[in-house]
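Asker: Next up is a structure, given as structure tokens.
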Amino acid sequence: MTIPLRVQPGIGEGFASYLRRVAHTLGTSPRMLAIDLDLTCGETTGLLLGPDTTHRIAERLCLRPDDLDDLQLARWHQVVLDLRLLGHRQRLQRPWIDYLNTRYCPWCLHENGYWRLEWRLPWICTCDEHEIWLHDHCPHCNKLQRDDAWEAHPTPPRNCLACAESLITTPTTEAPPDARRRTYAAQGLLAAEDSHIAGYETDPATTVKGWRQSVAIHRTLQRHNQRDPVEHWTAPDADHALEQAWPLIDAPDPATAAAVVRRWMLGYQKPWPFTQADVSKFIGPLRHALDDVRAVWGTRHH
Ligand SMILES: [Zn+2]
Ligand SMILES: [Zn+2]
């Protein structure tokens, strides 16, 4: 059966949001719609869909397959996540890659009525449209928001999946300009614009990896003892981690990048913490900065 109406996907919308809206228009639950479309649990999360499934449901929803591809995180394959890791969830580097939760902007939900796919990305922390922090939790039940249309209750698309209360009245906080600039830089990576890290031009996938590694380097040198891996970062948490590492990430040239690491190292006051194996995992620009510092450090501390 073809779905008896055509719902146009919103600009930048995610798949679960789209399914929730179609289900709402039809007066059914997202799960009933998914089952009707022969989707299985796990195919409603907006990560990726196989080409056969995409073609099949595109026809049913009166969309082009390309429209459906744009609703999946896989559209940013390589940049945001290595999809080969999806079969190995324990290897996903949370909180950098979140395969289920989403943030939201209450004002965007109010104005557009749909959820943006980029809210799934932990390093998108502010709303560029409304200049406010994105939210992670429901103000009513305090649950994280799941981006999954495998939902048995017919909850309106602007509402919390857990408690069904509306999210559009969530109190908002203005985001500082620096945080907005970092989110803007992240959006530039998604748009595959020119990107740089530690003073080198790199492709967006390498840069994103470098963001994660720069935060790790900073945390090591600040002796940030984080034994338990964080499962989820709220927008201000994630941006704070980036803010700390930003002088390295955003260094205008390699010499400045090395100077930043040297400054961190001075506060560290311990032997060089990175083994050769650690360093070999870093992207080239960060390896150069570290090698530069280690050369100086080695002569002073041995
Ligand atoms: Zn917004
Ligand atoms: Zn709730």
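The values are calculated or read from the model by the stated rules, or taken from the named source; none is laboratory data. In this text, all values refer to a predicted model and were calculated from it rather than measured experimentally. No Cβ is skipped: glycine too gets one built from the backbone with ideal geometry, and neighbour counts run over all protein chains shown.
Asker: Evaluate segment 178-187: report whether one residue or more is assigned to a loop (DSSP other than H, G, I, E, B) and either more than 15 Å from ligand 1 (Cβ to nearest atom) or not assigned by TED's automatic domain parsing to the domain that holds ARG120 (or both).
Answerer: Within segment 178-187 (the criterion being assigned to a loop (DSSP other than H, G, I, E, B) and either more than 15 Å from ligand 1 (Cβ to nearest atom) or not assigned by TED's automatic domain parsing to the domain that holds ARG120 (or both)), the answer is no, since none of the residues qualifies.
Asker: What's the total number of residues in segment 139-161 that are over 17 Å from ARG116 (Cβ atoms) and either touching a strand residue (DSSP E or B) at 6+ places or on another chain (Cβ under 8 Å) or more than 11 Å from ligand 2 (Cβ to nearest atom) (or both)?
Answerer: 7
Asker: Another one. Tell me the residue from GLU111, GLU118 that is under 12 Å from the mean Cα position of the chain (by Cα) and more than 16 Å from ligand 2 (Cβ to nearest atom), please.
Answerer: Just a single option satisfies the conditions, and that option is GLU118.
Asker: Could you tell me which of the residues HIS88, HIS77, HIS55 is at pLDDT 95 or above and either farther than 29 Å from ASN142 by Cβ or not assigned by TED's automatic domain parsing to the domain that holds ASP203 (or both)?
Answerer: HIS55
Asker: Turning to a different aspect of this structure: Tell me the residue from HIS135, HIS110 that is surrounded by fewer than 17 Cβ atoms within 10 Å (Cβ to Cβ) and either over 23 Å from LEU68 (Cβ atoms) or without any contact (Cβ under 8 Å) to a residue 40 or more places away in the chain (or both), please.
Answerer: Numbers: HIS135 fails: surrounded by fewer than 17 Cβ atoms within 10 Å (Cβ to Cβ).
Result: HIS110 is the single residue among HIS135, HIS110 that is surrounded by fewer than 17 Cβ atoms within 10 Å (Cβ to Cβ) and either over 23 Å from LEU68 (Cβ atoms) or without any contact (Cβ under 8 Å) to a residue 40 or more places away in the chain (or both).
Asker: Given the options ASN101, ASN142, name the one that is surrounded by fewer than 24 Cβ atoms within 10 Å (Cβ to Cβ), among the polar types (S, T, N, Q) and at pLDDT 95 or above.
Answerer: ASN142 is the lone residue from the list that is surrounded by fewer than 24 Cβ atoms within 10 Å (Cβ to Cβ), among the polar types (S, T, N, Q) and at pLDDT 95 or above.
Asker: Still on this structure, I have one more. May I ask you to say which residue of PRO285, PRO252, PRO273 is in contact with a Ser or Thr (Cβ under 8 Å, 6 or more places away or on another chain), surrounded by fewer than 15 Cβ atoms within 10 Å (Cβ to Cβ), over 30 Å from ASP136 (Cβ atoms) and not assigned by TED's automatic domain parsing to the domain that holds CYS127?
Answerer: Details: PRO285 fails: surrounded by fewer than 15 Cβ atoms within 10 Å (Cβ to Cβ); PRO252 fails: in contact with a Ser or Thr (Cβ under 8 Å, 6 or more places away or on another chain).
None of the others qualify; the one that does is PRO273.
Asker: A follow-up question, please. Output the helices (runs of 4 or more DSSP H) that fall wholly within segment 191-302 and possess 1 or more residues being among the polar types (S, T, N, Q) and touching a strand residue (DSSP E or B) at 6+ places or on another chain (Cβ under 7 Å), or say none.
Answerer: Values: elements: 204-221, 235-249, 254-268, 276-281, 284-301.
Once the helices (runs of 4 or more DSSP H) in segment 191-302 are filtered for at least 1 residues that are among the polar types (S, T, N, Q) and touching a strand residue (DSSP E or B) at 6+ places or on another chain (Cβ under 7 Å), what remains is 204-221.
Asker: Now for a different question. Determine, yes or no, whether THR173 is over 28 Å from MET32 (Cα atoms) and more than 12 Å from ligand 1 (Cβ to nearest atom). Write out each step before concluding.
Answerer: Details: over 28 Å from MET32 (Cα atoms): yes; more than 12 Å from ligand 1 (Cβ to nearest atom): yes.
For THR173, the condition - over 28 Å from MET32 (Cα atoms) and more than 12 Å from ligand 1 (Cβ to nearest atom) - is met.
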